[in-house]
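Visitor: Before we start, here is the structure in question, set down as structure tokens.
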Amino acid sequence: MSMTITEKILSRHTDLDEVHPGMLINARVDIALGNDITAPIAIDVFRKSGGKEVFDREKIVLVPDHFAPNKDIESAEQCKIMRDFAREHEITHYFEVGEAGVEHALLPEKGIVLPGDLVVGADSHTCTYGALGAFATGVGSTDLAAAMLTGELWFKVPETMKFVYHGKRRPWVSGKDLILHTIGRIGVDGALYRAMEFTGEAIRELTMADRFTMANMAVEAGGKNGIFIPDEVTEAYVRERAGRKYEFYSSDPDALYHSVIDIDVEKIEPQVAFPHLPSNARGISEAGDVRIDQSIIGSCTNGRIEDLRVAASVLKGRHAAHGFRLIIIPATPAVYRQAMHEGLFDVFLDAGAVISLPTCGPCLGGYMGILAKGERSVATTNRNFVGRMGHPGSEVYLAGPAVAAATAVAGRLAGPEQL
Amino acid sequence: MKFGGRIWKFGDNIDTDAIIPARYLNTWDPQALAAHCMEDADPLFMKKMRPGDILIGGENFGCGSSREHAPIAIKAAGIAGVVAKSFARIFYRNSFNMGLPIFESRELWGLVEDGAEIEIDAGGGVIRIIGGATEPLHIQPVPPFMQELIADGGLMNHIAKGKAK
């Protein structure tokens, strides 16, 4: 019987020859991830349920990134719980400050998650790794505790929605614009409980960075996972990083889908999602005159070197508007170093930006760019819910790095072609 | 399981940042989280609610982050359960893992306002509106595996039982 890539990966992690949507399965987990917000609860649950040993110290990943480097005493305590647990159980992939970065940029970069893997993470944006052709989904802390203890977890096999992107992208249109447009079209629950499979000729031309951005936001449409069929772009990315074997899966030509949605990429211009839902997306030319106070360029969605290059190409020779706060957050130490080597830091500093250490920071209202009541930020992050970046009376506008950089220069919502 | 309570009604897409804003996630102490439960959806909620009350949501309740702090905050606030038209999947899964009773009903939302009283008969699969003229509403049945999780007292107890076999 024919299967989608999602169904194939799930079945290969069970003893079943095939699986179908709706089936409840127990599957083996290749990687289980936690961070400084979610791991402390998982560790507490692990201990309270009598856990003595983790199932495999090589397959658990712990990253202090949300409120780390520690933003306050309480955050320091949470990070310490994770650090102590990592030492006690000799967890291979624990990343201390200095090595740590935003988890969903860090794990692929380090070759920890690979094509064909089944990955669970106590973080909703774990779906990012679907860009590699892996099955990856967010879970809660108790699920993480169960995975750390047993190496297995139960799943309901999701139906798959197939998204086919036709045509050529316009200038400045990135993966972020494609996914914001897609969420705008189907809504924040348009893929609830389902897999989102991204295909089509416009997808094959995307860099890995753009694919990570798209898979990252599958959860913003309610999706269980986002997934790409791995190809030569994937191979070039993982070949130099992988320390173990990996496998490419693809969907059978006659696999069954919940639905197939065709998207004409040529009609899509750079997008901006207005408060307070990622689905409030519209083209930048329809944004109107919206004054903005701050721009955040970073996060697990858009904090990779390719994103910083785009931002720098817009900012080169320009300066942020008077009184505007431009904050650049390279997602990992490697991105940070690369941006420095390429001279991007000079471009950013000349533009009046401040460059932050790698952290999730302001994306979830932690620190490094919190908004006051009535303030507005454009951000390359993934959520613009009420209070997400600070005061409940502040506003977040989601966009790709080109719009976030152009907005900084204009002081109001703008794309690079409007400068 | 049968319980009743006064309801508080919210709209569609109540996200986990509204249920427990991320700015409070530097702790997972249930009482500290409960103090801010639903704060960005209704800043006065914790002043108005009483233990035993029930939350009513529209579509996609609990969307957004994977934080288990959301069902923890709701439970610690004393909320007896949540009924919504639909739930976001991680929140749905977390609630079962934590033992927070949640139910899907597409009809209830349109039939009640804040302050109404309802009774939930989980075993019988119905919700009654106290003093309401309508017939009992049927709850979406919970898959047998999920019922097993609840009967075992959550995921970790379920795993412990499986290992003991």
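Visitor: Might you let me know whether the range A:331-339 holds any residue that is in a loop (DSSP other than H, G, I, E, B) and buried (at least 24 other Cβ atoms within 10 Å of the Cβ)?
Guide: yes
Visitor: Now for a different question. Please go through the range A:27-46 and pick out each residue that is more than 9 Å from chain B (Cβ to nearest Cβ) and open to solvent by 20 Å² or more (accessible area, probe 1.4 Å).
Guide: Within the range A:27-46, A:28, A:30 qualify.
Visitor: Can we say residue A:266 is charged (D, E, K, R), open to solvent by 40 Å² or more (accessible area, probe 1.4 Å), at pLDDT 95 or above and part of a helix (DSSP H, G or I)?
Guide: yes
Visitor: Oh, and also: Please state which one of B:38, B:46 is assigned to a loop (DSSP other than H, G, I, E, B) and hydrophobic (A, V, I, L, M, F, W, C).
Guide: Residue meeting the stated conditions: B:38.
Visitor: So, one more: Could you tell me whether the range A:200-217 includes any residue that is touching a Pro at 6+ places or on another chain (Cβ under 6 Å) and of a type outside the set (Val, Ile, Thr)?
Guide: No, the range A:200-217 has no match at all.
Visitor: Let me ask you something else. Just one of (1) within 13 Å of chain B (Cβ to nearest Cβ); (2) surrounded by 21 or more Cβ atoms within 10 Å (Cβ to Cβ); (3) hydroxyl-bearing (Ser, Thr, Tyr) trips up residue A:49, so point out which.
Guide: Status for residue A:49: all satisfied but (2).
Visitor: Are any residues in the range B:9-31 facing another protein chain (nearest Cβ under 9 Å) and open to solvent by 40 Å² or more (accessible area, probe 1.4 Å), and if so, which ones?
Guide: B:12, B:23, B:28 - these are the residues of the range B:9-31 that are facing another protein chain (nearest Cβ under 9 Å) and open to solvent by 40 Å² or more (accessible area, probe 1.4 Å).
Visitor: Those residues that are in contact with a helix residue (DSSP H, G or I) (Cβ under 7 Å, 6 or more places away or on another chain) and within 14 Å of chain B (Cβ to nearest Cβ), I need them from the range A:384-419; list them, please.
Guide: Across the range A:384-419, the qualifying residues are A:385, A:386, A:387, A:388, A:389, A:398.
Visitor: Considering only residues that are away from every other protein chain (no Cβ under 14 Å) and either at pLDDT below 95 or in a strand (DSSP E or B) (or both), which ones fall in the range A:116-134?
Guide: Residue satisfying the conditions is A:118 alone.
Visitor: Which residues, counting only those in the range B:32-62, are open to solvent by less than 10 Å² (accessible area, probe 1.4 Å), touching a residue at least 40 places away in the same chain (Cβ under 8 Å) and either more than 11 Å from every other protein chain (Cβ to nearest Cβ) or closer than 25 Å to residue A:126 by Cα (or both)?
Guide: Correct list: B:33, B:34, B:37, B:53, B:54, B:55, B:56, B:57, B:60, B:61, B:62.
Visitor: Further question on the same structure: Out of curiosity, is residue A:308 in a helix (DSSP H, G or I) and either modelled with pLDDT of 95 or more or under 19 Å from residue A:412 (Cα atoms) (or both)? Let's see the steps before the verdict.
Guide: Details: in a helix (DSSP H, G or I): yes; either modelled with pLDDT of 95 or more or under 19 Å from residue A:412 (Cα atoms) (or both): yes.
Yes, satisfied.
Visitor: Evaluate the range A:60-71: report whether one residue or more is surrounded by 15 or more Cβ atoms within 10 Å (Cβ to Cβ), away from chain B (no Cβ under 11 Å) and closer than 15 Å to residue A:151 by Cα.
Guide: Yes, the range A:60-71 contains at least one residue that is surrounded by 15 or more Cβ atoms within 10 Å (Cβ to Cβ), away from chain B (no Cβ under 11 Å) and closer than 15 Å to residue A:151 by Cα.
Visitor: Might you let me know whether the range A:183-193 holds any residue that is surrounded by fewer than 23 Cβ atoms within 10 Å (Cβ to Cβ) and among the β-branched types (Val, Ile, Thr)?
Guide: Yes, there is a match, as at least one residue in the range A:183-193 is surrounded by fewer than 23 Cβ atoms within 10 Å (Cβ to Cβ) and among the β-branched types (Val, Ile, Thr).
Visitor: Considering the range B:82-109 alone, what residues qualify as being touching a helix residue (DSSP H, G or I) at 6+ places or on another chain (Cβ under 9 Å) and away from chain A (no Cβ under 13 Å)?
Guide: Listed by number, the residues that qualify are B:82, B:83, B:101, B:102.
The values are calculated or read from the model by the stated rules, or taken from the named source; none is laboratory data. Values in this document were obtained by computation on a predicted structure and should not be read as measured data. Quick reminder, even Gly has a Cβ in these numbers, built from the backbone with ideal geometry, and neighbours come from all protein chains shown. Please note that ligands, DNA and RNA were not included when accessible areas were found on the heavy atoms of the full protein model with its side chains. Shrake-Rupley method; radii C 1.70, N 1.55, O 1.52, S 1.80 Å.
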